[in-house]
Amino acid sequence: MKIKILSIFFLLLIPFSLIIGFEFSNGFVLGAYILTSLQMPIYSNVNTGWYFPGIIGMTILSIGWIGSRKLLKGRHPRLVENIFWFVFGFIFLLKAIG
């Protein structure tokens, strides 16, 4: 039961991480909004440097991807093989919406 809940959590991290770093057509970025509401900087310098929402999004994406591959490898090998295509399709879906 714990492994099932954990694998669902890892799978849900993947689309969440993509939404955090994605810029919609009106300029809204969820990760930037979260960081500014916590009064944290978005860039490492004032307006240049490392873009923290992108770094956070890529970190969460890699955690979700690696975690779901490890937990689901034995039970759902076909799902593990298609995680890349899910991410690829979700990015195109976000681009079509935004």
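Here are some notes:
- Scanning region 9-26 for residues that are at pLDDT 90 or above and surrounded by fewer than 13 Cβ atoms within 10 Å (Cβ to Cβ) gives a single hit, LEU12.
- Among the criteria (1) of a type outside the set (D, E, K, R); (2) surrounded by fewer than 17 Cβ atoms within 10 Å (Cβ to Cβ); (3) free of Cβ contacts under 8 Å to residues at least 40 places away in the same chain, the one ILE97 does not fulfil is (3).
- Close pairs (8 angstrom Cβ cut-off, 6 or more residues apart or separate chains): touching a residue at least 24 places away in the same chain (Cβ under 8 Å) in region 11-39, crowded, with 17+ Cβ neighbours inside 10 Å and assigned to a loop (DSSP other than H, G, I, E, B) anywhere: VAL29/PHE22
- When residues of region 27-59 are limited to those that are touching a Ser or Thr at 6+ places or on another chain (Cβ under 9 Å) and assigned to a loop (DSSP other than H, G, I, E, B), the one most open to solvent (accessible area, probe 1.4 Å): TRP50
- Every residue from region 60-75 that is assigned to a loop (DSSP other than H, G, I, E, B) and touching a Ser or Thr at 6+ places or on another chain (Cβ under 9 Å): ARG75
- Just one residue in the set ILE66, ILE91, ILE83 is exposed (fewer than 15 other Cβ atoms within 10 Å of the Cβ), modelled with pLDDT under 90 and aliphatic (A, V, I, L, M); that residue is ILE91.
The values are calculated or read from the model by the stated rules, or taken from the named source; none is laboratory data. Since the structure is predicted, the reported quantities are computational estimates derived from the model, not experimental observations. Note that we place each Cβ from the backbone using ideal geometry, even for glycine, and neighbour counts take in every protein chain shown. Accessible surface areas use protein heavy atoms only, side chains included; no ligands, DNA or RNA. Shrake-Rupley method; radii C 1.70, N 1.55, O 1.52, S 1.80 Å.
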